[in-house]
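Asks: Encoded as structure tokens, here's the structure I'll be asking about.
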Amino acid sequence: MEKVIYFAGGCFWGTEHFFQLIKGVTKTQVGYANGITENPSYKEVCTNTTQHAETVMVTYDPERISLRFLVEMYFKAIDPTLLNQQGHDVGTQYRTGIFYTDEADVPVIREVYDEEQKKYDKPLVTEVEPLNCFYTAEDYHQDYLNKNPEGYCHLPLELFEFAKKANQ
């Protein structure tokens, strides 16, 4: 049975592409999570008034890949000490977060989070919260970097190569 976890890692184009490359991830979808408005548009989210984070829903096969591995990979793709920013993208929609739908996932997420904190002198600002809401982003955002290989991405290309080879 497949499981789902939601990762906010800055611009969702690169975050989605990163997770699509990991074996055991069966589906991704980009959208807007944990904000205060219903069914926002990208334009609305960019105003910094909706409190939504650009987020990737990651569906995975737990018999092929573990939640722990996914969370460890997530931390390789973000700077967890930056508030409302990843790369050159700045705004509340670019905050980092792990949003869960299953309380049973929290101990694993927290364990990896605590291990990650030991690597930094500054406190991590990545949110770990239950998913309150998720609204699918417009079609042109879905699979963006697959449709636009030369499109903007804040993640380095080496990270995509790393993801492809990570759990072979």
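Taken together, the values in this text are just the output of simple stated rules run on the coordinates, not laboratory data. The structure displayed is predicted, hence computed values, not measured ones. Every residue, glycine among them, receives a Cβ derived from its backbone with ideal geometry; neighbour counts consider all protein chains shown.
Asks: Could you work out the relative contact order of the chain? I mean the mean sequence separation of Cα pairs under 8 Å and 6+ apart, divided by the number of residues, in percent.
Replies: Relative contact order here is 34 percent.
Asks: I want the antiparallel fraction of DSSP beta bridges within the chain, as a percent rounded to 5.
Replies: 85
Asks: Here's another thing I want to ask about it. Sort all Cα-Cα distances of the stretch 1-86 into consecutive 10 angstrom bins from zero, then give the percent of pairs in each bin up to the one containing the longest distance.
Replies: Reading the bins upward from 0: 17, 48, 28, 7, 0.
Asks: In whole Å, what three semi-axes, largest first, describe the equivalent ellipsoid of the stretch 51-168 built from its Cα gyration tensor (square root of 5 times each eigenvalue)? Please report the intermediate quantities before stating the final value.
Replies: Values: eigenvalues 92, 66, 59 Å².
Each semi-axis is √(5λ); the values are 21, 18, 17 Å.
Asks: Find out how many positive minus negative residues lie around L124, taking Lys and Arg as positive, Asp and Glu as negative, among other residues whose Cβ is under 15 Å from that of L124.
Replies: Taking every Cβ under 15 Å from that of L124, the sum is -3.
Asks: Pick from F99, F12, F69 the residue whose mean-square fluctuation is largest in a GNM of the chain, springs joining Cα atoms under 10 Å.
Replies: Most flexible of the set in this elastic network: F69.
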